[in-house]
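J.: Quick one: structure below, then a few questions.
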Amino acid sequence: MDKNRVILIVMDSLGVGELPDAGSYGDAGSDTFGHIAKTMGDELKIPNMRRLGFGNIDGLCKGDRSFAVANPSGSYGKLKEKSKGKDTITGHWEIAGVESLTPFKTYPDGFPAEFIAKFEERIGRRCIGNYAESGTVIIEKLGEEHERTGYPIVYTSADSVFQIAANIDVIPLEELYKICEIARELLQGEWACGRVIARPYKMVDGKRERTTDRRDYAVSPPEKTILNLISDAGQDVYAVGKIHDIFNASGVTDWVHTDGNMDGVDKTLEALDKVDGGFIFTNLVDFDSLYGHRRNPIGYGKAIMDFDGRIPEIESKLGPKDIVILCADHGNDPTHSGFDHTREHIPFVAFGEPLKSANIGTRECFADIGATICDYLGVDEPKIGESFLNEILK
């Protein structure tokens, strides 16, 4: 293989400590990885991430060096968020070179009555809910009414999201997707909203369990991201997981949805077999959706260990010009109050034959990752972000 290739894997929500302005977001003291490590103690074993340098990131676990190793084999560091906000879109867009100067509009008191009336008219059904709540909680509160009436459950969170939950035996999956598409069409202008999310569930042994058929309907980035810059240069941009949805397909040349973290790794391994150059961009959603939002530090820690155990499989697939980058998009401290994201630094760990062991310290912008990727692939760099490629290349 003679083409440069970058594999970027977002460990969704795996923050590594509060940002300086976290207090203004209600997130003072947040530390996703640090608090997971404190909760699990010696049970948290991540030998591969440690080997690569994750434990050597400056200030990890508030300076606790128990995860550090003497001679890490990869490059490592952490990055600050320049954009306003702490949501999925803002984080991914900034990694890809777009700064969000104004946070997406949120609806802590529910969506306006005028919007709900128009939405109900368009879908031909009433809806129930329309307040901020945990997704797993609201389907227990309103599930019986939904299943009896056929009215979809709508709700939001601290993020700019309009979520629609439905039992797929009451509202079939494709119909739920169509309802979400109508909501996406309406949530513009004065009703602007960052994402519409389909949240299907089904009854399993008498319990309501969300399925893996979640789908996100996002707005398009306001300007070119690294996905556009790479694809415009004639190189592949292969999206794994919800990346396709987060960028509204802009700049994506091929894509595949996933059924959770392990399927995301499987699909990334498959992509390594068929994409011979360019950019593979993966999101591993379970960290955030199954454990961060549900405030489950033990489950989160086990998910980190599960991913850590797959790293050698990824390494075995790499060619001499491949670089793998691990990072996050925000925090979601499972020991913090509420059920929402936390404003934190994100980790950076990179490995592959072209790279040396290097500490990049603390970078001022997530977009430095995107700029570094473009630099390595030989394409135009985004409007924000500074490449640190020369710091990590052998």
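J.: Do we have any residue at all in region 221-238 that's under 15 Å from the mean Cα position of the chain (by Cα) and of a type outside the set (D, E, K, R)?
T.: For region 221-238, residues under 15 Å from the mean Cα position of the chain (by Cα) and of a type outside the set (D, E, K, R): absent.
J.: Given the conditions (1) at pLDDT below 95; (2) assigned to a helix (DSSP H, G or I); (3) surrounded by fewer than 15 Cβ atoms within 10 Å (Cβ to Cβ), and given that Pro108 satisfies all but one, which numbered condition is not satisfied?
T.: All conditions pass for Pro108, except number (2).
J.: Among the residues of region 196-220 satisfying the criterion of being under 30 Å from Asp375 (Cβ atoms) and not hydroxyl-bearing (Ser, Thr, Tyr), which is farthest from the chain's Cα centre (by Cα)?
T.: Top of the filtered list is Val219.
J.: Tally time: how many residues in region 82-98 are at pLDDT 95 or above, crowded, with 20+ Cβ neighbours inside 10 Å and outside any helix (DSSP H, G or I)?
T.: 4
J.: Right, something else. Output the helices (runs of 4 or more DSSP H) that fall wholly within region 111-190 and possess 2 or more residues being touching a residue at least 40 places away in the same chain (Cβ under 8 Å) and closer than 19 Å to Ser289 by Cα, or say none.
T.: 135-149
J.: Only residues that are over 17 Å from the mean Cα position of the chain (by Cα) and more than 25 Å from Gly53 (Cα to Cα): list them for region 71-89, please.
T.: none
J.: Are any residues in region 268-286 assigned to a helix (DSSP H, G or I), within 24 Å of Ile197 (Cα to Cα) and open to solvent by 10 Å² or more (accessible area, probe 1.4 Å), and if so, which ones?
T.: Passing the criteria: only Asp286.
The values are calculated or read from the model by the stated rules, or taken from the named source; none is laboratory data. Remember, it's a predicted structure, so these values are computed and weren't measured experimentally. As a convention, Cβ positions derive from the backbone with ideal geometry for all residues, glycine included, and neighbour counts pool all protein chains shown. The area values use the complete protein model at the heavy-atom level, side chains included, leaving out ligands, DNA and RNA. Shrake-Rupley method; radii C 1.70, N 1.55, O 1.52, S 1.80 Å.
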